[in-house]
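Asker: Here it is, the structure in full.
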Amino acid sequence: MNAWIMLAIAGALEVVWAIGLKYAEGFTRPAPSAITVAAMIASMWLLAQAARTLPIGTAYAVWTGIGAVGAALLGMMLFAESANVVRLGCIGLIVAGIIGLKLTSPA
């Protein structure tokens, strides 16, 4: 599998486990806790596989960027977190950074 595809899936799984933390309620709910831990393990494994090809700084920054953007957007949708213009603008800056890293990566 292409390293960028693995990294995108790893980032999506990071969103799953970040949101899962909210539903797991401090790991007191078994099913959401199990899903959260499984997503953590799979996300880290895919990140490690992608980092075999991609520069680690790029891979890690993109992985955390996808997770941050996804968790912030889902937090707005699922938990009624603030969606003000400044917050959305900052999320846009993270997306621009992810795109920039992809465009300038040698892999």
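The values are calculated or read from the model by the stated rules, or taken from the named source; none is laboratory data. Values in this document were obtained by computation on a predicted structure and should not be read as measured data. Cβ coordinates were reconstructed from backbone atoms using ideal geometry, including for glycine residues, and neighbour counts include every protein chain displayed. Ligands, DNA and RNA are stripped out before the accessible areas are found, and what is left, the full protein with its side chains, is counted by its heavy atoms. Shrake-Rupley method; radii C 1.70, N 1.55, O 1.52, S 1.80 Å.
Asker: Among the residues of the stretch 23-32, count how many are among the small types (G, A, S) and in a helix (DSSP H, G or I).
Answerer: Of the stretch 23-32, the ones among the small types (G, A, S) are 24, 26, 31.
With the extra rule that they be in a helix (DSSP H, G or I), the set shrinks to 24, 31.
Counting residues in the stretch 23-32 that are among the small types (G, A, S) and in a helix (DSSP H, G or I) gives 2.
Rundown of residues vs (1) within 13 Å of G11 (Cβ to Cβ); (2) among the aromatic types (F, W, Y); (3) open to solvent by 50 Å² or more (accessible area, probe 1.4 Å); (4) not in a helix (DSSP H, G or I), yes/no style:
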{"residue": "L46", "(1), (2), (3), (4)": "yes, no, no, no"}
{"residue": "W63", "(1), (2), (3), (4)": "yes, yes, no, no"}
{"residue": "I66", "(1), (2), (3), (4)": "yes, no, no, no"}
{"residue": "A71", "(1), (2), (3), (4)": "yes, no, no, no"}
{"residue": "M76", "(1), (2), (3), (4)": "no, no, no, no"}
{"residue": "A83", "(1), (2), (3), (4)": "no, no, yes, yes"}
{"residue": "G89", "(1), (2), (3), (4)": "no, no, no, no"}
{"residue": "A96", "(1), (2), (3), (4)": "no, no, yes, no"}
{"residue": "K102", "(1), (2), (3), (4)": "yes, no, yes, no"}
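Asker: Follow-up question, since we're still on this one. When residues of the stretch 48-61 are filtered for being assigned to a helix (DSSP H, G or I) and hydroxyl-bearing (S, T, Y), how many remain?
Answerer: Matching residues across the stretch 48-61 total 2.
Asker: Next question. Within the stretch 15-27, does at least one residue satisfy the condition of being closer than 19 Å to A68 by Cβ, among the hydroxyl-bearing types (S, T, Y) and open to solvent by 70 Å² or more (accessible area, probe 1.4 Å)?
Answerer: Yes, there is a match, as at least one residue in the stretch 15-27 is closer than 19 Å to A68 by Cβ, among the hydroxyl-bearing types (S, T, Y) and open to solvent by 70 Å² or more (accessible area, probe 1.4 Å).
Asker: Which residue pairs have Cβ atoms closer than 7 Å, lie 6 or more positions apart in sequence or on different chains, and pair a first residue in the stretch 1-25 that is closer than 15 Å to L47 by Cα with a second residue that is among the aromatic types (F, W, Y)?
Answerer: L7/W63; A10/W63; G11/W63; E14/W63
Asker: With respect to I35, is the statement that it is in a helix (DSSP H, G or I), modelled with pLDDT of 95 or more and farther than 19 Å from M1 by Cβ true?
Answerer: yes
Asker: Mind checking which residues of the stretch 52-61 are in contact (Cβ under 8 Å) with a residue 12 or more places away in the chain and either within 19 Å of L13 (Cα to Cα) or among the basic types (K, R) (or both)?
Answerer: Of everything in the stretch 52-61, those that are in contact (Cβ under 8 Å) with a residue 12 or more places away in the chain and either within 19 Å of L13 (Cα to Cα) or among the basic types (K, R) (or both) turn out to be R52, L54, T58, A59, Y60, A61.
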